[in-house]
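Shown next, in structure tokens, is the structure this report addresses.
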């Protein structure tokens, strides 16, 4: 850990852990300690660690073809793109590959500019779309991540879509918050944008912003707003697809189809392959404008495409979407019981095998308790469970191959972690530098 701190510039949780291997839902540190990986890496490992078919695919492809010029193509990229199109509704069939989710969202924004000839990108407050400069400009989850970047970020954006965060809606407005938030959004578009709206960009579920799960009516309202302004509706599925929410694509929970959808993390099987999917008509209209098609050095490389293709084939073959839906009910039921037992859990939100605990200091006021959330995460690691904590939000997104018995064991350990956190409020925790989203003393 000392060597890591001296040589690598990066975010680190406490306690510091150095991992060296993984298998299934477990990840193992250099001292031989096993942990439940309830984050699927960075939400990437739908099949868990060291899945034998993925391991064999990596071995075989490494000995065959790893990389080539991006001015050419390969069978694995083509087959992966074709299979992606088969999983999507409507005419969403054409893929522009990228390496990161940030790039995928920037490609989507470029498409919107190229097709409409307009410039404003509207984004949802509490949304997270990446760390490159254009993606950062439409990211609004707070934290220190955007400080000092103002002169570099794109000016043609309006972070003006009010999120459907019913749990933290103003008192007395909870039952009508979908309607109110959409009305406020319409007003803000009128006054905070240039009204030359190219794209409306949203995560299907605003994960980092609090696992905000929209209602069907709110999502249909977002579709209407995009249509009213002649804009393309872009849905960011980086953390959701494939299957994690109990549907192949998160937006399939709703009665809408976007014009553009982006994929990353879960679809990548831990490899650097992400992308932007749209219709043939939009792809052709965008071609030659705003740098579309976009390409760098590594998009659609054979190795990551072969692994991602194999993962998607397994997800479909083994019907892991249905498994995520079924086990999601199990996970949610267990978490709801925990909520009833512990006052510090103000709410449980999510879909399928992607759930979140909202940690509060007071259930009545719903005041976030950042320190308690970090204590729970800290002691969860000590109990052998790895979770993600962003501010007061504890995220659980295990691999879809997890069993019901493993869910029970992991949550039993998490329960012990909560008890330890509640009994120890004095040990100092230094978490302000654990993430670009970490709550700090100067934040409001």
Connecting C-alpha atoms closer than 10 Å in a GNM of the chain, tell me which of 35, 378, 254 has the biggest fluctuation. 254
Förster radius 22 Å - calculated FRET efficiency between residue 333 and residue 424 (Cβ-Cβ, nearest 0.05): 0.15
Looking only at 361, 104, 198, which one moves most when the chain is put into a Gaussian network model with springs between Cα atoms under 10 Å? 361
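With a cut-off of 8 Å between alpha carbons and a minimum separation of six or more residues, what is the relative contact order of region 330-371 in percent?
Values: 56 pairs, mean separation 11.9, N = 42.
Once divided by the residue count of region 330-371, the mean separation gives 28 percent.
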Each label sits 7 Å from Cα toward the beta-carbon; between residue 167 and residue 9 the label points are separated, in nm, by 3.5 nm
Roughly speaking, what is the centre-to-centre gap between region 340-357 and region 214-257 when only Cα atoms are used, to the nearest Å? 23 Å
The rounded separation in angstrom of the Cα centers of region 149-212 and region 88-144 is 15 Å
Given points 7 Å out from each Cα along the Cα-Cβ axis, report the residue 144 to residue 30 separation in nanometres with one decimal. 2.6 nm
Helix-only mean residue ellipticity at 222 nm, the chain, DSSP H runs n ≥ 4 weighted -39,500 (n - 2.57), per residue, nearest 500. What is it? -11500 deg cm²/dmol
Residues in region 238-279 near a label at residue 216, defined as backbone nitrogen under 17 Å from the 7 Å Cα→Cβ point? 246-258
Quotient of Cα Rg and 2.2 N^0.38 Å for region 65-317, N being how many residues it contains: 0.98
Taking every DSSP beta bridge with both residues inside the chain, roughly what % is antiparallel (nearest 5)? 65 percent
Expected max-MSF residue from 177, 294, 71 in the GNM of the chain (alpha carbon, under 10 Å) is 71
Mean separation of Cα pairs under 8 Å and 6+ residues apart, divided by the residue count of region 65-317: what relative contact order is that in percent? 31 percent
Normalising by the residue count of the chain, find the relative contact order in percent from Cα pairs under 8 Å and 6+ residues apart. 22 percent
If you project the alpha carbons of the chain onto the principal axes, what extent comes out on each, in Å, largest first? 60, 59, 44
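The numbers here are math on the coordinates, done by the rules we state, and not lab data. What you see is a predicted model; the values in this text were computed from it and never measured. Positions of Cβ are backbone-derived with ideal geometry, glycine not excepted, and every protein chain shown enters the neighbour counts.
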